[in-house]
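Laboratory data are not the source of any read-out in this text; all were calculated from the coordinates shown. Because the structure is predicted, anything quoted here is derived from the model rather than measured. For neighbour counting, all protein chains shown are included, and Cβ atoms are generated from backbone atoms with ideal geometry for every residue, glycine included.
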Amino acid sequence: MAPTAGGSLAHPTVGGAFTSPVLPGTGWPGDPADATTPVAQAPADVAELAADASLEEVTARSAVCRACPRLVEWREEIAVEKRRAFATEPYWGRPVPGFGDPRPRVLVVGLAPAAHGGNRTGRVFTGDRSGDWLFGALYRAGLASQPTATDAADGLRLQGARVVAPVRCAPPANRPTPFERDTCAPWLDRELSLVLPSLSAIVALGSFAWSAALAALTRCEIDVPRPRPRFGHGAELRLRGPGGDVLVVGCYHPSQQNTFTGRLTEPMLDDVFARAVSAGTRVSRPTSGR
């Protein structure tokens, strides 16, 4: 049973009255789902609901998924207990879907929502310091309308970029299990298959994202070398996609562990996105004359 929310609270930007976790279709900014959106209760349901879904359907259906009991319990417990700094705010407390341009040139792949970031705001990389680094870099690269991401009603728009998490619920200790990764994979696979024709680059934030992206590309019938190349900051892999070459670039995750220690710096992050943007000058695959 989900924890009891204990009343409604106003969203910090749009007001209103929302329980924690937020019920679909109650007016949360950017909520892609409503009360009629089908809910996956088991791994088989995820596979069925993701198959042949439109991008809008993948976004909505993944935002109400309940297929991983441990993650459902954790994300909802956090939404009720809250961090003291956000005690007066409602928490999203649901899976966090992909966000951004429906026809992106650059796809950014992360790990999973942060407990008090995306799990609170309902938008990936929003409301935490990792997001400050990521969206700042996207803004400097010309891919975001503003350098900050505070909540789902802050006006942020991505232009030519989309951000996704292979695991869409906040996991304990930021460590999803293999079962949870695999259960969530059909959402990523379907979303990737729908945006692949417009993609020129994929930026993988960390080794988990690198492995998840290459596995998803393989399942989308992209020829990925075996053995798969190892992750490294700045590692590159050029693949043949349905619309032309796709550059996969590895980047250290903009976690506080990496940014506070200087393992990842702003110039390093900017360099990765400059390479991803420049990949947009790719040569398209020639069409057959037959």
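Take the eigenvalues of the Cα gyration tensor for the range 9-74, scale each by 5, and report the square roots as semi-axes in whole Å, largest first.
On the way: eigenvalues 114, 45, 12 Å².
Square roots of five times the eigenvalues give 24, 15, 8 Å.
Take the alpha-carbon centre of the range 203-233, take the same for the range 29-68, and report the distance between them in whole Å.
After rounding, the separation between the Cα centres reads 24 Å.
Relative to the Cα centre, what is the charge dipole magnitude of the range 9-281, using +1 at the beta carbon of each Lys and Arg, -1 at the beta carbon of each Asp and Glu, and rounding to the nearest 20 debye?
Dipole of the range 9-281, to the nearest 20 debye: 580 debye.
Determine the percent antiparallel among the DSSP beta bridges restricted to the range 9-281, to the nearest 5.
On the way: 11 of 24 bridges.
If I count the DSSP bridges inside the range 9-281, around 45 percent turn out antiparallel.
Would you mind checking which residues have amide H under 5 Å from ALA114's amide H? H placed 1.01 Å from N; only 5 or more apart, or other chain.
Residues meeting the amide H criterion: ASN119, PHE125.
Charges on Cβ only, +1 for Lys and Arg, -1 for Asp and Glu, centred on the Cα centroid of the chain; of SER193, ALA235, SER207, which one is farthest towards the dipole's positive end?
Of SER193, ALA235, SER207, it is ALA235.
Give the calculated FRET efficiency between GLU73 and ALA235 to the nearest 0.05, with a Förster radius of 25 Å applied to their Cβ-Cβ distance. Please report the intermediate quantities before stating the final value.
Numbers: r = 36 Å, r/R0 = 1.43.
Efficiency computed from Cβ-Cβ geometry: 0.10.
Given the Cα-Cα distance of GLU266 and ASP245 and 0.36 nm per residue of separation, how much length would full extension add, in nm?
Details: separation 21, 0.36 × 21 = 7.56 nm, distance 2.69 nm.
Full extension from GLU266 to ASP245 adds 4.9 nm.
For the pair ARG84 and THR13, what calculated FRET efficiency results from E = 1/(1 + (r/R0)^6), where r is the Cβ-Cβ distance and R0 = 25 Å, to the nearest 0.05?
0.80
Hey, can you rank 218-228, 44-54 by average C-beta count inside 10 Å, highest first?
44-54, 218-228
Hey, what's the Cα Rg ratio for the chain versus the globular rule of thumb, 2.2 N^0.38 Å?
Taking the Cα Rg and dividing by 2.2 N^0.38 Å, one obtains 0.96.
Given Cα pairs under 8 Å that are at least 6 residues apart, what percent is the relative contact order of the chain? Kindly include the intermediate steps, with their values, before the conclusion.
Values: 609 pairs, mean separation 48.9, N = 290.
It rounds to 17 percent for the chain.
By how many nm would the segment from GLN41 to GLN146 grow when fully extended, if each residue of separation counts as 0.36 nm and the alpha-carbon distance is taken off?
34.1 nm
Just to check I understand the Karplus step: with θ = phi - 60° and J = 6.51 cos²θ - 1.76 cosθ + 1.60, what whole-Hz values come out for the range 245-260, glycine and proline as x?
5, 10, 8, 9, 10, x, 8, 4, 5, x, 6, 4, 4, 8, 7, 5
Sum -39500 (n - 2.57) across every DSSP H segment of at least 4 residues in the chain, then divide by the residue count to get the 222 nm mean residue ellipticity, nearest 500.
For the chain, the value works out to -9500 deg cm²/dmol.
With viscosity set to 0.692 mPa s at 37 °C, what whole-number translational diffusion coefficient in µm²/s follows for the range 151-236 from Stokes-Einstein and a Kirkwood radius over Cα pairs?
Using the Kirkwood radius from Cα pairs, D works out to 228 µm²/s.
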